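Below is one structure, written out as structure tokens, with a few remarks after it.
The values are calculated or read from the model by the stated rules, or taken from the named source; none is laboratory data. All figures in this text were calculated on a predicted structure; none of them were measured in a lab. Cβ atoms come from the backbone with ideal geometry, glycine included; neighbour counts cover every protein chain shown.
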Amino acid sequence: MRVEDTRPAATIVLKNGRVIDPVQGMDGSADVLIDAGKIAAIGSKVNYEGAKVVDCSGKWVVPGLIDAHCHLREPGFEHKETIETGTKAAARGGFTTVVAMANLNPVPDKLIIYNRIQKLIEEKAVVRVIQACSVTKDLKGRDLCDMATLTAAGVRIFSDDGLYIDRAAVLYQALKLAQKLNVVISLHEEDATLKSYWPTAYEPVNEFAAIARDLEILRVTGGRVHFQHLSTANSVELIRRAKKEGLAVTSEVCPHHLTLSLPDVTRQGTNAKMAPPVRTQEDIAELIRGLDDGTIDIIATDHAPHAPDDKNVTFDLAANGIVGFETALPTLLTKIVHEQGFSPAWLIERMSSKPAQIFDLPGGSLAVGSSADICVIDPQREWTIDKNKFLSKSRNTPYQGTNVTGDVWLTLVNGNVVFDGR
Ligand SMILES: [Zn+2]
């Protein structure tokens with residue numbers, strides 16, 4: 001059954017919370033009435049007679065978080081994660097919509113496979129899942145997949161994530177077609193031909209040289225590009241200039257690139273190995289500046305579950321990636337909001353409203369009439385991250401034992417409680 005078709009829960013009122021909705025410019029005490037799966041009323045004089053009351057005093061009521069970049073591993077890698085465990089972990093992290101990448105087996109590069117995955121999503125997902133399809137057949141970086149047919153079936157995001165499209169001519173063709181079809185190409189920018197481990201994966205130049213090339217291609221083709229997981233200061237500067245010129249680009253940064261640096265790799269070993277790797281404090285400062293001035297539009301987790309065997313090997317052999325759903329909000333609340341003083345609305349805009357806007361995804365606002373996709377946050381809860389309590393099937397986190405302040409308290413999709421941390 002699709003999330004949208006689930007029977008809406010009883011009428012609920014989220015009472016006395018601090019309601020934060022960047023889209024409506026709202027940040028203050030209010031009640032939120034949920035009826036028939038939708039936001040029915042919001043304000044200080046809500047008539048909630050007959051509704052189930054949830055006292056949200058001291059909590060923040062925000063639009064459900066939206067993750068434009070994750071890996072759910074099904075089909076093909078169910079020993080790492082499934083649509084069920086992945087979306088339960090997403091709900092635990094406050095996410096109500098996630099975009100799943102295409103590096104699956106089989107790769108969703110044609111309609112029959114895409115439809116098969118859609119069916120799995122309808123049967124198993126507890127939050128909304130938008131499945132991306134690959135740009136090239138079988139992620140080989142050579143021939144384009146059947147983008148026109150997939151677009152007609154509703155696909156709006158194409159990505160070879162995990163891999164760089166190394167042939168300029170292939171990206172050129174893809175962008176020409178994407179422009180015609182009005183879809184987004186989401187790019188993982190690391191030129192693997194410049195391979196050298198520095199010290200965990202590719203050198204900074206691998207990323208910003210790839211971005212520089214692809215901005216030049218975009219300038220010629222037109223179309224719309226989203227740059228995934230920026231990690232270097234130079235990348236931010238390239239995109240800042242491209243936006244000033246008016247190129248149709250958006251970009252994202254991951255929580256780990258904002259909160260971890262090289263010494264964490266030494267401490268956490270292969271559980272801190274990802275591509276692109278974490279960098280320096282200077283890079284972190286520039287990534288935050290980029291997020292603040294709008295060069296970087298959104299924060300995305302790149303949730304990438306791996307089995308113990310993928311990580312319990314030497315560093316150069318270990319798989320890239322970390323789980324991210326269940327640590328994203330607490331680590332960012334701690335580092336960005338509590339420690340650096342950015343407002344909750346600033347964070348929620350980048351973790352919910354903006355991803356909804358730039359990818360035209362469901363959610364991102366608490367406007368009356370919209371689906372009741374909501375995250376309630378306990379901003380003051382002090383706790384220690386423990387991977388053994390993750391709802392994800394995998395445990396590959398560099399945050400094990402990290403003390404954090406703030407947690408998800410309640411997640412609702414379509415008015416139904418999908419995570420209850422009360
Ligand atoms: Zn990637």
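At a glance:
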read-out	value
Breaking point among (1) within 16 Å of the ligand (Cβ to nearest atom); (2) over 16 Å from the mean Cα position of the chain (by Cα); (3) aliphatic (A, V, I, L, M), for MET274	(2)
Strands (runs of 3 or more DSSP E) wholly inside the range 3-61 containing at least 1 residues that are closer than 19 Å to PHE95 by Cβ, modelled with pLDDT of 95 or more and out of contact with any helix residue (DSSP H, G or I) (no Cβ under 7 Å at 6 or more places or on another chain)	12-21, 26-35, 38-43
Selection count, the range 52-111, where residues are within 16 Å of the ligand (Cβ to nearest atom) and β-branched (Val, Ile, Thr)	3
Residues being away from the ligand (no atom under 16 Å from the Cβ) and in contact with a strand residue (DSSP E or B) (Cβ under 7 Å, 6 or more places away or on another chain) - total across the range 159-184	7
Single residue of the range 23-74 satisfying the filter (within 30 Å of LYS119 (Cβ to Cβ) and of a type in the set (A, V, I, L, M)) that is surrounded by the fewest Cβ atoms within 10 Å (Cβ to Cβ)	ALA36
Failed condition for ALA233, given (1) of a type outside the set (S, T, N, Q); (2) within 16 Å of the ligand (Cβ to nearest atom); (3) on the phi < 0 side of the Ramachandran plot	(2)
Single residue of the range 75-91 satisfying the filter (surrounded by fewer than 19 Cβ atoms within 10 Å (Cβ to Cβ) and of a type in the set (Asp, Glu)) that is nearest to VAL126 (Cα to Cα)	GLU84
First in the range 409-422 and within 12 Å of THR96 (Cβ to Cβ), second anywhere and in a strand (DSSP E or B) and among the polar types (S, T, N, Q), Cβ under 6 Å, 6 or more apart	VAL413/THR96; ASN414/SER371; VAL418/THR411; PHE419/THR411
Criterion: within 18 Å of the chain's Cα centre (by Cα), within 16 Å of the ligand (Cβ to nearest atom) and either more than 23 Å from GLY341 (Cβ to Cβ) or assigned to a loop (DSSP other than H, G, I, E, B) (or both) - qualifying residue of THR295, THR301	THR301
Residues that are under 15 Å from the mean Cα position of the chain (by Cα) and among the β-branched types (Val, Ile, Thr), drawn from the range 57-82	ILE66
Failed item, numbered, when LEU262 is tested on (1) in contact with a strand residue (DSSP E or B) (Cβ under 6 Å, 6 or more places away or on another chain); (2) under 18 Å from THR331 (Cα atoms); (3) away from the ligand (no atom under 14 Å from the Cβ)	(1)
Identity of the residue in the range 133-158, over 15 Å from GLN118 (Cα atoms) and of a type in the set (A, V, I, L, M, F, W, C), that ends up farthest from the ligand (Cβ to nearest atom)	ALA148
